[in-house]
Amino acid sequence: MKRQVEFSIIIPIYNCEKYIEKCINSILVQKFNHYELLLIDDGSTDSSGMISDIYAKKNKQIKVFHKKNEGVSAARNVGIQKATGKYILFMDSDDYIEKDYLSYCSMMMKKYRLDLLNVGFYSIVECDNKIHRDKICAIEKMYENKESIKKDLVYLWDKHMLYNIWNKVYLNSIIKKNNIYFPLYDFGEDMDFNIEYMKYIQRFYNSKKCFYNYIKERKDSLTHKYRDNLFQIRIDEFYKFNQYFEENGISRNEYIEFSSRRYIERFVGCIENVFHSKLSFFQKYKLIRKNIYDDVTRESLIYAKSNSIKMKILLFPIRYKMTLVAMLFGKL
């Protein structure tokens, strides 16, 4: 009887010819090799699809699926449909993993009979030929049921452990049984996927070991592209988080500082985002002023407590409704 593939590694591919080989090679050198690598080419217009095909011809564990461009969520959903492994891992095409990652994941999933494994990661910013690398992790802990998870839910979100999909190992059976797929948008889809998946889990392990290298920012990344609805996205996320915690039986006193701080710190990014637009100075001023005076912004400033000196400085003009100064900080 043929043994089931242990890991299905799903990577959406779109115009990433500069980075995809490093990503794929980090998988090929894994000490544990009982996996399938699913490369979902989402209508790339560069050589990404061709590079993927070349790798697939050399290695039968690699499968390439070419599709029309519909966005990262649709690409990942194709990967889920094609996955035959017991466990599912997601990666982004410009990231890479440490060589003992799969060995560790296999050992932990079997040892603790997990529904979900969460690992730490390195957040990397590449700018002007310099690399800044931050280790992001939280407490090492085994959660054996939903109630134990709920006790640390705010803490785990606050430590950036639950937003992302690429630092986790999922059970394929839970995903398929409960028809869990990515919503068809490309901003915040990871968070929504995880919230849905966690409804169905009991045994969850959070590891402080770091195996995943997340390229947070490059000059050509989405971070530098203007989003005209970013303010509204952040407001919607604020309400969604509050509702999520309420539905999990967590009192407002426990979550309001976190959700307010999360919103207000991302609000600063919204101001920066405006300066990636082609709006006139007056249009930028009007938009930023409107959102500084927004009720969610004013309320969040009451509860948010930032320990960062840099963030306190950036929030000063927002707190005191100094729109021009906030614009200056945003541009700088």
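Measuring from centroid to centroid over Cα atoms, what is the spacing of region 269-313 and region 160-217 in Å? Rounded to whole Å, the Cα centres lie 29 Å apart.
Where the only charges are on Cβ atoms (+1 Lys, Arg; -1 Asp, Glu), what is the dipole of region 151-212 about its Cα centre, to the nearest 20 debye? Let's see the in-between values first.
Numbers: 9 positive and 7 negative charges, 95 e Å.
My answer is approximately 460 debye.
Annotation: Asp134 carries an accessible surface of approximately 70 Å², with a 1.4 Å probe and no ligand, DNA or RNA atoms counted. With the convex hull of the Cα atoms taken as the outline of region 198-306, the averaged projected area works out to 9.5 nm². Over the chain, accessible surface divided per residue gives 51 Å², non-protein components excluded, 1.4 Å probe. When the solvent-accessible area of region 75-166 is split by element, carbon and sulfur atoms take up 47 percent of it, the probe being 1.4 Å.
Around Ser300, under 9 Å between beta carbons, what's the net of Lys plus Arg minus Asp minus Glu among the other residues?
Values: positive: Arg261, Arg262, Arg298; negative: Glu299.
So the surrounding residues net to +2.
If you take the square roots of the eigenvalues of the alpha-carbon gyration tensor of region 5-109 and sort them as a ≥ b ≥ c, do you get rounded (a/c under 1.5), prolate (a/b over b/c) or oblate?
On the way: a/c = 1.84, a/b = 1.45, b/c = 1.27.
It is prolate, given that a/c is not under 1.5 and a/b is the larger ratio.
Once backbone amide H atoms are built at 1.01 Å from N, Ser306 has no partners under 5 Å, excluding neighbours fewer than 5 places away on the same chain.
Need the full-extension length gain, Tyr320 to Glu147, defined as separation in residues times 0.36 nm minus the C-alpha distance. One decimal, nm. Before the final figure, lay out the partial values.
On the way: separation 173, 0.36 × 173 = 62.28 nm, distance 4.09 nm.
Answer, rounded to one decimal: 58.2 nm.
Can you tally the net charge around Asp228? Count Lys and Arg as +1, Asp and Glu as -1, for every other residue whose Cβ sits under 15 Å from the Cβ of Asp228. Each step should come with its number before you reach the end.
Numbers: positive: Lys225, Arg227, Arg234, Lys278, Lys284, Lys286, Lys290; negative: Asp186, Asp236, Glu272.
Value of the local net charge: +4.
What residue among Ile97, Ile51, Ile80 has the largest mean-square fluctuation in a Gaussian network model of the chain, using Cα springs under 10 Å? The residue that fluctuates most here is Ile51. With a 1.4 Å probe rolled over the protein heavy atoms of all chains, the accessible area of His132, His34 falls in the order His132, His34, largest first.
In a simple Cβ point-charge model (Lys, Arg +1; Asp, Glu -1; nothing else charged), the chain has a dipole of about 420 debye relative to its Cα centre. Over 18 Å apart at the Cα level, from the set Lys278/Lys331; Lys82/Lys176; Lys60/Lys110; Lys159/Lys305, are Lys60/Lys110. Distance between the pseudo-spin-label points of Met311 and Val29 (7 Å out from Cα toward the beta carbon): 3.5 nm. By the Kirkwood approach, averaging reciprocal distances over each pair of separate Cα atoms, the chain gets a hydrodynamic radius of 21.4 Å.
Phi-derived couplings, Karplus 6.51 cos²θ - 1.76 cosθ + 1.60 at θ = phi - 60°, listed residue by residue for region 126-139: 10, 8, 6, 6, 10, 10, 10, 10, 10, 8, 10, 7, 9, 4 Hz, with x used for Gly and Pro.
The coefficient of translational diffusion for region 68-158, derived via Stokes-Einstein from the alpha carbon Kirkwood radius under 20 °C and 1.002 mPa s, stands at 131 µm²/s. Rounded to the nearest 0.05, the FRET efficiency derived from the C-beta distance between Asn129 and Lys57 at R0 = 41 Å is 0.75. Across region 236-307, C-alpha contacts under 8 Å between residues 6 or more apart give a mean separation that, scaled by the residue count, equals a relative contact order of 41 percent. Karplus-based coupling profile of region 151-158, in residue order and whole Hz: 4, 10, 4, 5, 4, 5, 5, 5, with θ = phi - 60° in 6.51 cos²θ - 1.76 cosθ + 1.60 and x standing for Gly or Pro.
Around the amide H of Ile13, modelled in the peptide plane, lie the amide H atoms of Ile40, Asp41, Asp42, all under 5 Å away and 5 or more residues distant in sequence or on another chain. Relative contact order of the chain, taken over Cα pairs closer than 8 Å and 6 or more residues apart, is 16 percent. Largest GNM mean-square fluctuation across Lys146, Lys57, Lys86, computed for the chain with C-alpha springs under 10 Å, falls on Lys57. Projected label points at Asn178 and Arg3, each 7 Å from Cα along the beta carbon direction, are separated by 2.9 nanometres. What a 1.4 Å probe finds exposed on region 172-271 is 47% carbon and sulfur by accessible area, rounded to a whole percent. Largest accessible area first, the listed residues Ile175, Ile136 line up as Ile136, Ile175 when surface is computed with a 1.4 Å probe on the assembled protein chains.
The values are calculated or read from the model by the stated rules, or taken from the named source; none is laboratory data. Since this is a predicted model, take the numbers as computed values, not measurements. Neighbour counts are summed over all protein chains in view; Cβ atoms, including those assigned to glycine, are modelled from backbone coordinates with ideal geometry. The area values use the complete protein model at the heavy-atom level, side chains included, leaving out ligands, DNA and RNA. Shrake-Rupley method; radii C 1.70, N 1.55, O 1.52, S 1.80 Å.
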